[in-house]
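Undergrad: Quick one: this structure, given as structure tokens, is what I'll be asking you about.
The values are calculated or read from the model by the stated rules, or taken from the named source; none is laboratory data. Treat the numbers as computed from the prediction; the structure is a model and nothing was measured. Positions of Cβ are generated from backbone atoms using ideal geometry, with glycine treated the same way; all protein chains shown enter the neighbour counts. Heads up: the accessible areas ignore ligands, DNA and RNA and are worked out on the full protein's heavy atoms, side chains in. Shrake-Rupley method; radii C 1.70, N 1.55, O 1.52, S 1.80 Å.
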Amino acid sequence: MEDVIVKNNIKLKVDAHNWEHAIKLAGEILLSRGSITEDYIQNMINSVKEYGPYIVIAPNIAIAHARPDKSVICSDISLITLKKPVEFGNKQNDPVYIVFAFSATENEAHLKQLSVISQILEDEDKIKRIINSSDEEEVYKLVNNKI
């Protein structure tokens, strides 16, 4: 089975000053892989500014994304964990420790990626292990069901 998130797209225990910085850090992974342009990072931030912290979809977890457009070169997903959690303004699910960023070239890919991520999120033990881990290999195996 194809990896949900490739190993190079995982960074653990990063320092983020606030929610915008957390999205930028997760987006920069996709940018460095050539999956998006710089504009897509700003689109993800603008999406939260416009629609609120709807991307905080479960306790401690945000999924940063924006609509497919010309700033998306290919579909991809990154994952960062934060050294110190940040508030996104979602009373129910803040603070956030895990930020996924994903880019999709069209809406169908968007839905497929969300479905894969939601399977990860259903496993509370897996989420705790991801939050607490400082081993990228372990997190890679957890998100790709190799453990």
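Undergrad: Of all the residues that make up region 22-37, how many are outside any helix (DSSP H, G or I) and among the hydroxyl-bearing types (Ser, Thr, Tyr)?
TA: We begin by selecting, within region 22-37, every residue outside any helix (DSSP H, G or I); these are 33-37.
Going one step further and asking which of them are among the hydroxyl-bearing types (Ser, Thr, Tyr), we end up with 35, 37.
Adding up the residues that qualify gives 2.
Undergrad: To continue, here is another question. Of the numbered conditions (1) crowded, with 20+ Cβ neighbours inside 10 Å; (2) modelled with pLDDT under 85, Glu106 fails exactly one; give the number of that condition.
TA: Single failed check for Glu106: (1).
Undergrad: How many residues are at pLDDT 95 or above and crowded, with 17+ Cβ neighbours inside 10 Å if we restrict to region 66-92?
TA: Number of matching residues: 10.
Undergrad: Within region 114-144, track down each residue that is free of Cβ contacts under 8 Å to residues at least 40 places away in the same chain and either closer than 14 Å to Val6 by Cα or open to solvent by less than 30 Å² (accessible area, probe 1.4 Å) (or both).
TA: Lys126, Glu138, Lys141, Leu142
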